[in-house]
1. Show me the chymotrypsin sites (Phe, Trp or Tyr not before Pro) within the stretch 16-54 that DSSP assigns to loop and that have at most 12 other Cβ atoms within 10 Å of their Cβ.
2. Using only Cα atoms, tell me the angle between helix 40-53 and the longest principal axis of the chain; keep it within 0 to 90° and round to the nearest 10.
3. Among all stretches of the chain without exposed trypsin sites (Lys or Arg not before Pro) (DSSP loop, at most 10 other Cβ atoms within 10 Å), which one is longest?
4. Which ordering of 75, 25, 19, 32 is given by a fewest-first count of other beta-carbon atoms within 10 Å?
5. Give a residue-ordered list of calculated ³J(HN,Hα) values for the stretch 74-88 (Karplus: 6.51 cos²θ - 1.76 cosθ + 1.60, θ = phi - 60°; whole Hz; x for Gly, Pro).
6. Given Cβ point charges of +1 (Lys, Arg) and -1 (Asp, Glu) and nothing else, what value in debye, to the nearest 20, does the dipole of the chain about its Cα centre take?
7. Work out the FRET efficiency for residue 71 and residue 9 from their Cβ-Cβ distance, taking R0 = 41 Å, and round it to the nearest 0.05.
8. When averaged across all projection directions, what area in nm² does the alpha-carbon convex hull of the chain cover?
Amino acid sequence: MNAAVTKRHAHPNTVFHCLYGNHYLGYTKMELARIYSKTEKPIAIWVQLYEETGIFQRAKTLADKKFTKDHRRWLYAFYQLNPLAYLDEAQDAFN
């Protein structure tokens, strides 16, 4: 359990439990920081964000895909037929 809350980014369930403890159970930010092995700053940010927006949601980033959908489909089919192929063999077959 300790490893689940001491990672750099808290799991969304941890944040929701923390918000519940703050809003419904009346725990202070200092108490929650001790319980969840965090500093008060991220907890204050979570509470502020929740109070301003009414939700907690991480920012979504758009991943720049290196391969197109057709390329990924080709790679999948290639490795289905040649499961032990090395990268250079796949590159040669692709070109």
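1. Answer by residue number: 24.
2. 90 degrees
3. In short, 9-57.
4. 25, 75, 19, 32
5. These are the phi-based 3J(HN,Hα) values: 5, 4, 4, 5, 4, 6, 5, 7, 10, x, 9, 5, 7, 4, 5 Hz.
6. Once rounded to the nearest 20, the dipole reads 200 debye.
7. 0.85
8. 10.0 nm²
Since every read-out is calculated from the coordinates, none of them should be taken as a lab result. The structure displayed is predicted, hence computed values, not measured ones. Don't worry about glycine lacking a Cβ; one is built from the backbone with ideal geometry, like all the others, and counts go over all protein chains shown.
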